[in-house]
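These notes are about the structure you will find just below.
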Amino acid sequence: MRRTGFDPFSKISVKFSDAEGTSEGAVDEGGPCREMFRLSLNWLKDSGMFCGAHKKNLNLCGNALHKNMYFEAGRLIALSLIHGGPGLIFFSETLFSLLCDQIAVPTLDDIDRDVRETTMQFQNANELEELRTIIGNSDVFSLSGFPIIGQAEEQEKIVQGTLRFFAVDRIREPLRQLIAGLNTCGLYDKLVQYPSIFKDIFCSEITLSSKVIEELFLIVYTEPGTNTRSKENRVISYFRDYVLDLECDPTNIVTLPDLLVFATGSDCLPPLGFPLRPEIMFLHEKNSRFPIANTCSLQLKLPVVHTSYEDFKTDMDFAMGNAKEFGFA
């Protein structure tokens, strides 16, 4: 992205290589690109530029700020949305409000873990002397502008002021960089114009369900009444049971997002949708126990050799559990 000739409007083509450095050789028609954006955004979410256990706010990182990495993060997010990659879904309400220049009401979840623990300790204290001791033993409150506490009634004001400082005031410059990056191809201007639409993309986590998966895929059957069709009917019944098991059993090694990654390269439905409707096909020509997928043409091919659901599930779990991503980008 930092090359002078990089054009954000041009098609992005990604190649992955295996552990030996051998390229997979396929032309990127969308699958590797979706996978690259998925992996990049997952890394971004857990990087030091963001904080929060689940929903994320910006975190001030001096090194990232110096290297303009918040700008790069915003540009990566914009490119993912524009080029058919996954949405964000991990921004906190506070961060999205700041992006839209709306009134933000920060919570304890919007600040760094160490600051959060100290603030919670202060919030839960009951005696004035205990409050003074906590303030004296930590620089969190002096940094926020509260080096002392005169009366116990000031406790809530200090808590809210500390939250405001760390979750809003302290991240002004990272926010400025992020907004500049998000305006790649004019995306940020649209975000400000249509905040309610973009809030779903940035903040709302859409849970995959068996119903969503079944409605997403088009099943490509052979002619009715043939031997191959009877095998396909059996396999589809196994597949539907398998999808239900993934939805209902949280202990299973494979999840519904894993299944979607295997078939499409994305662990959620992209905000712009898929360029083609994903298809389920059948491996009649191969005596294979395992499924295969083409993430560019969005085809999931199921094996037809199984005569019991237990064997089908075991081999599906093995295939998808060992193929949760491409090689190296």
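If I stretch the segment between N63 and K211 completely, what's the gain in nm (0.36 nm per residue apart, minus their alpha carbon distance), one decimal?
Numbers: separation 148, 0.36 × 148 = 53.28 nm, distance 4.47 nm.
That works out to 48.8 nm of additional length.
In square nanometres, what is the average projected area of the Cα convex hull of the stretch 178-329? Present the calculation step by step, with values, prior to reporting the outcome.
Values: hull surface 45.8 nm².
About 11.5 nm², averaged over all directions.
Long-range amide H contacts for L302: which residues qualify at under 5 Å (H placed 1.01 Å from N, peptide plane, sequence gap of 5 or more or a different chain)?
Answer set, sorted by chain and number: M281, F282, L283.
R172 to W43: FRET efficiency via 1/(1 + (r/R0)^6), r the Cβ-Cβ distance, R0 30 Å, to the nearest 0.05? If you can, show how the numbers build up before the last one.
Working: r = 25 Å, r/R0 = 0.82.
Efficiency, rounded to the nearest 0.05: 0.75.
Output the direction-averaged projected area (hull surface divided by four) of the convex hull of the alpha-carbon atoms of the stretch 62-166, in nm². Please report the intermediate quantities before stating the final value.
Values: hull surface 32.8 nm².
Mean projected area for the stretch 62-166: 8.2 nm², to one decimal.
In square angstrom, what is the accessible area per residue of the chain with a 1.4 angstrom probe? Can you show the working numbers first?
Details: 16890 Å² over 329 residues.
So the chain comes to 51 Å² accessible per residue, rounded to a whole number.
For n ≥ 4 DSSP H runs only, could you compute -39500 (n - 2.57) per run for the chain, divide by its residues and tell me the 222 nm figure to the nearest 500? If you can, show how the numbers build up before the last one.
Details: 15 runs with 158 residues, N = 329.
Result for the chain: -14500 deg cm²/dmol, rounded to the nearest 500.
Between H66, H306, H284, where does the largest GNM mean-square fluctuation fall for the chain, given springs only between Cα atoms within less than 10 Å?
It is H66.
Counting only protein heavy atoms, what percent of the accessible surface of the chain is carbon or sulfur at a 1.4 Å probe?
Details: 8900 of 16890 Å².
Roughly 53 percent, rounded to a whole number.
Just to be sure I understand: if I project the alpha-carbon convex hull of the stretch 131-218 onto a plane and average over all orientations, what area do I get in nm²? Walk me through the numbers before you get to the answer.
Details: hull surface 42.2 nm².
About 10.5 nm², averaged over all directions.
So if each residue of separation counts as 0.36 nm, and I subtract the Cα-Cα distance between D101 and R240, what length gain in nm does that give? Let's see the in-between values first.
Working: separation 139, 0.36 × 139 = 50.04 nm, distance 4.54 nm.
Extending this stretch completely gives an extra 45.5 nm.
If you average 1/r across every pair of different Cα atoms in the chain and take the reciprocal, what Kirkwood value do you get, in Å? Mind showing how you got there, number by number?
Working: mean 1/r = 0.0441 Å⁻¹.
So the Kirkwood estimate lands at 22.7 Å.
Order these peptides, 242-250, 160-168, by their mean beta-carbon neighbour count within 10 angstrom, highest first.
Details: 242-250: 16.0, 160-168: 20.7.
Highest-to-lowest ranking by the protection proxy: 160-168, 242-250.
Provide the FRET efficiency to the nearest 0.05 for the K157-N227 pair, computing r from the beta carbons and using R0 = 56 Å.
Numbers: r = 77 Å, r/R0 = 1.37.
Taking R0 as 56 Å, the efficiency between K157 and N227 is 0.15.
Compare A73, A53, A152 in a GNM of the chain, Cα atoms joined below 10 Å, and give the one with the largest fluctuation.
Maximum among the listed residues: A152.
Determine ³J(HN,Hα), in whole Hz, for all residues of the stretch 176-181 in sequence, where each value follows from phi through the Karplus function 6.51 cos²θ - 1.76 cosθ + 1.60 and θ = phi - 60°; x replaces Gly and Pro.
Karplus values, whole Hz, x for Gly and Pro: 4, 4, 4, 5, 4, x.
Subtracting the Cα-Cα distance from 0.36 nm times the residue separation, let me have the gained length for D114 to S10 in nm, one decimal.
Working: separation 104, 0.36 × 104 = 37.44 nm, distance 4.25 nm.
Answer, rounded to one decimal: 33.2 nm.
Please report Rg (one decimal) and Dmax (integer) in Å for the Cα set of the stretch 152-193.
15.7, 51
Roughly what percent of Cα-Cα pairs across the stretch 280-322 reach past 14 Å?
On the way: 418 of 903 pairs.
Above the 14 Å cut-off, the stretch 280-322 has 46 percent of its Cα pairs.
Which percent, nearest 5, of DSSP beta bridges in the chain are antiparallel?
50
The values are calculated or read from the model by the stated rules, or taken from the named source; none is laboratory data. If you're wondering where the values come from, they're calculated on a predicted model, not measured in any experiment. Cβ atoms come from the backbone with ideal geometry, glycine included; neighbour counts cover every protein chain shown. Just so you know, the surface numbers come from the protein's heavy atoms only, side chains and all, with ligands and any DNA or RNA stripped out. Shrake-Rupley method; radii C 1.70, N 1.55, O 1.52, S 1.80 Å.
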